[in-house]
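These notes concern the structure reproduced below.
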């Protein structure tokens, strides 16, 4: 058993065990006090419908976490937040630091405090990584923040062009631009979301990537990992902001969220394990 799996196995549900003779005081206890919630700007179904504008800014978002992913108003690039810095990953795979007054219609962030980390050996793509992570999750009914720092033979990312409000996301991503990077080191930032939450967030694993020099990246499609390290945080709470905008208040949300997510977020031929 790996160190990471052993640590996951030692996590205990918080409760009154004062009378339990098997309680030796050990274990890696996880409580809501230890690990803050995931904050979301809006539910994913709003993005799927093409609602790409909210007044919530990066300045406000930063108050809720130093780690996360999302997008910007009018789908103007992929968002990645790591080590307290927010990056805008544009259509050409270039990374920039946008001004704090920039708005976001969709993002998920948390204060990243991993409870365990372990080295990663060579892995070929999403399927292999997700199979590894599946063995590490405390429960598939919880949310997790996941960071992978690694060297890669290659990485494939995408971004979408700036898009008018009300354009369904599956139509916007049909115009996506895919970029390949070779012999690159960098960081994967993402989340695992339970399968029963498709109207709130992307079910299963969802990652964005940024290079070690913080100059390139995008929504992660696929990769060949040489070696690295994975860190994982359990998130047992979700704070979901519901936008007080005319568009959101009047929306009917008739689209099939699960079907649209598979089209808009998954690489061709790659299915979610969520």
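The values are calculated or read from the model by the stated rules, or taken from the named source; none is laboratory data. These numbers were taken from a predicted model, which means no experiment stands behind them. Because the Cβ atoms are built from the backbone with ideal geometry, glycine has one as well, and the counts that use them run over all protein chains shown.
Looking at the stretch 28-52, which of the residues that are closer than 29 Å to residue 83 by Cβ and touching a helix residue (DSSP H, G or I) at 6+ places or on another chain (Cβ under 8 Å) is modelled with the lowest pLDDT?
Here the residue is 28.
Just to be sure before I move on: is residue 121 on the phi < 0 side of the Ramachandran plot and surrounded by fewer than 22 Cβ atoms within 10 Å (Cβ to Cβ) in the structure I sent?
yes
Output the residues belonging to the stretch 90-132 that are within 16 Å of the chain's Cα centre (by Cα) and closer than 23 Å to residue 65 by Cα.
104, 105, 106, 107, 108, 109, 110, 111, 112, 113, 114
Yes/no per residue for (1) modelled with pLDDT of 95 or more; (2) touching a strand residue (DSSP E or B) at 6+ places or on another chain (Cβ under 8 Å); (3) under 18 Å from residue 42 (Cβ atoms); (4) surrounded by 20 or more Cβ atoms within 10 Å (Cβ to Cβ):
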residue: 62; (1), (2), (3), (4): yes, yes, yes, no
residue: 67; (1), (2), (3), (4): yes, yes, no, yes
residue: 81; (1), (2), (3), (4): yes, yes, yes, yes
residue: 86; (1), (2), (3), (4): yes, yes, yes, yes
residue: 101; (1), (2), (3), (4): yes, yes, no, no
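Restricting to the stretch 249-265, what's the tally of residues that are touching a helix residue (DSSP H, G or I) at 6+ places or on another chain (Cβ under 6 Å) and assigned to a helix (DSSP H, G or I)?
Result for the stretch 249-265: 4.
Identify the single condition in (1) free of Cβ contacts under 8 Å to residues at least 40 places away in the same chain; (2) touching a strand residue (DSSP E or B) at 6+ places or on another chain (Cβ under 8 Å) that residue 175 does not satisfy, given that it satisfies every other one.
In the conditions (1) free of Cβ contacts under 8 Å to residues at least 40 places away in the same chain; (2) touching a strand residue (DSSP E or B) at 6+ places or on another chain (Cβ under 8 Å), residue 175 misses (2) alone.
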